[in-house]
Amino acid sequence: MNLLSDELIVEKSVIDSASGERCFSDNSMNTSIADDFADGLIEPTAMPLHGGDIYSASVRYGIPAPQWLDLSTGLNPESYPLPQLDAAAFQRLPYLNPDFIAAAAHYYGNDQLMPCNGSQLIIQALPQCLEQEYLPPGVQEKLPVLLPEYGYQEHRDHWQRHGNPIRTYPAFDSGAAVATVEAAIDQGDPFHLVVINPNNPTGLCFTPQQLKNWAERMPGGGYLVVDEAFIDLEPTQSVLANHFCDNMLVLRSFGKFFGLAGIRLGFVFAQAELRNALQQHTGIWMVNGPAQSLATRALLDSEWQYSAQHRIRDCAAHTRQLFSALFDRIKPLMQVHTPLFSSYQIDRKEAYRLHHHFASQGILLRVIELDGQTSLLRIGISSAADDQQSERLREAVASYVG
Ligand SMILES: Cc1ncc(COP(=O)(O)O)c(C=O)c1O
């Protein structure tokens, strides 16, 4: 990803060398970049494809990495406290510890699981695994995949790269989304359905009853992939405990609710044969020892989980309040609020201007392209307990609003 953005940046610096602007460390260049993004002179793909890339931001804006306030992701800013870990967790080869597996089965309410080095890994492996193992008899072609029009783009990218035909359903309006999925099921041809529940960044969500109903009615050979990366804040909406079906594959991401994305941990839930196929694909020792030890504690720590549910909501309300003067003025076309992020649909140029304004002050937001005219500005949550960060945000908002 960074290579792609670096390539484009290099290309841009060559173009600009005629006007004497060569690098990204001076402010005049930064302003020019923001204008060029807004004017469409630089393709939006030059922006990092994922949130949280403070190293690229640091190079681009000349602000040292530790000084960034990163609101470009949807991670809990008050992460699970790091315990002292047993040295054996670092010293032994990381075979799967039964205590770790039991803790995960307890937390997720389902034991048909396989841990992995982040759910991203499974998103990458899935198209090939499903094709190898599960093409229904007589079906030669790669099955079409029905995905949300907007959503965590790695899903779409990997199915597309694998050559599966891509169809989309609306990602904002749940009535329209349901109608599109129903029509695809009624048509009777097999397809895979991908649901990000709730959707990042649009917030679209479906009930577990709805998802089970679709899984049961999907034409044979098709899988329902449910990405529950952000569902920990609404655990009763998960399909895992009471609405799981044999033709479902469910992804959970440990890093978001527990605020520990750096340990790279996720889980996939599927029937045993498909888990085996994924295991063959991804290999052994996927989850390192320290990650297993830390997660075993976190997954069983219901007291911390309970208070985190409340603190995350407090942080979300606090962050929304800090940005309220800005969005009272800009008046987004639409806004979506989830506990771990808010998305605002605004004019595309204004989105890039805002991104640049905040980034110039070491605050990283995320712009997500929509229709060419408007974009989503996605803002993660900031700790309500951190007065210094709150003051930085207040000042950055005030200096834009004027
Ligand atoms: C919706 C969604 N699914 C999956 C992932 C991958 O997360 P991880 O690999 O950390 O589990 C992300 C990352 O941001 C995401 O937003």
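Would you mind finding the one in R252, R217 that is farther than 21 Å from Y152 by Cβ, touching a helix residue (DSSP H, G or I) at 6+ places or on another chain (Cβ under 9 Å) and not hydrophobic (A, V, I, L, M, F, W, C)?
Working: R252 fails: farther than 21 Å from Y152 by Cβ.
From the options R252, R217, the qualifying one is R217.
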Over region 262-317, the set of residues within 16 Å of the ligand (Cβ to nearest atom) and open to solvent by 40 Å² or more (accessible area, probe 1.4 Å) is G262, R264, H281, N288
Across region 83-120, the tally of residues that are within 16 Å of the ligand (Cβ to nearest atom) and outside any helix (DSSP H, G or I) stands at 6
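Search region 219-239 for residues being outside any loop (DSSP other than H, G, I, E, B) and open to solvent by less than 40 Å² (accessible area, probe 1.4 Å), and hand back the single one that is farthest from the ligand (Cβ to nearest atom).
The first filter runs over region 219-239 and keeps only residues outside any loop (DSSP other than H, G, I, E, B), leaving 224-227, 231-233, 235-237.
Then drop every residue that is not open to solvent by less than 40 Å² (accessible area, probe 1.4 Å), which leaves 224-227, 231-233.
On the way: L224: 15, V225: 11, V226: 11, D227: 5, I231: 10, D232: 12, L233: 13 Å.
The extreme case among them is L224.
Could you tell me which of the residues P190, P198 is within 26 Å of S375 (Cβ to Cβ), in contact (Cβ under 8 Å) with a residue 12 or more places away in the chain and open to solvent by 10 Å² or more (accessible area, probe 1.4 Å)?
On the way: P190 fails: within 26 Å of S375 (Cβ to Cβ).
Exactly one residue qualifies, and that residue is P198.
Residue by residue, here is whether (1) within 16 Å of the ligand (Cβ to nearest atom); (2) hydrophobic (A, V, I, L, M, F, W, C); (3) open to solvent by 10 Å² or more (accessible area, probe 1.4 Å); (4) touching a residue at least 60 places away in the same chain (Cβ under 8 Å) holds:
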{"site": "T202", "(1), (2), (3), (4)": "yes, no, no, yes"}
{"site": "T207", "(1), (2), (3), (4)": "no, no, yes, no"}
{"site": "R217", "(1), (2), (3), (4)": "no, no, yes, no"}
{"site": "F244", "(1), (2), (3), (4)": "no, yes, yes, yes"}
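I need a count of the residues in region 345-380 that are open to solvent by 10 Å² or more (accessible area, probe 1.4 Å) and either in contact with a helix residue (DSSP H, G or I) (Cβ under 7 Å, 6 or more places away or on another chain) or farther than 27 Å from F258 by Cα (or both).
Taking region 345-380 and keeping what is open to solvent by 10 Å² or more (accessible area, probe 1.4 Å), we get 345, 347-350, 353, 355-357, 360-361, 364, 366-374, 378.
Now restrict to residues that are either in contact with a helix residue (DSSP H, G or I) (Cβ under 7 Å, 6 or more places away or on another chain) or farther than 27 Å from F258 by Cα (or both): 345, 347-350, 353, 356-357, 360-361, 364, 367, 369-374.
Counting residues in region 345-380 that are open to solvent by 10 Å² or more (accessible area, probe 1.4 Å) and either in contact with a helix residue (DSSP H, G or I) (Cβ under 7 Å, 6 or more places away or on another chain) or farther than 27 Å from F258 by Cα (or both) gives 18.
Tell me, please, whether a residue that is hydroxyl-bearing (S, T, Y) and part of a helix (DSSP H, G or I) can be found in region 374-394.
As a first pass, look at region 374-394 and keep what is hydroxyl-bearing (S, T, Y): 374-375, 382-383, 390.
Next cut, part of a helix (DSSP H, G or I) only: 390.
Looking for residues that are hydroxyl-bearing (S, T, Y) and part of a helix (DSSP H, G or I), one finds at least one in region 374-394, hence yes.
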Per the list (1) within 16 Å of Q153 (Cα to Cα); (2) not in a loop (DSSP other than H, G, I, E, B), residue check on I185 breaks on (1)
Counted residues in region 63-82 being more than 16 Å from the ligand (Cβ to nearest atom), open to solvent by less than 50 Å² (accessible area, probe 1.4 Å) and outside any helix (DSSP H, G or I) come to 4
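The values are calculated or read from the model by the stated rules, or taken from the named source; none is laboratory data. A quick note: this is a predicted structure, and the numbers were derived from the prediction, not measured. Cβ atoms come from the backbone with ideal geometry, glycine included; neighbour counts cover every protein chain shown. SASA here: full protein model, heavy atoms, side chains in, ligands and nucleic acids out. Shrake-Rupley method; radii C 1.70, N 1.55, O 1.52, S 1.80 Å.
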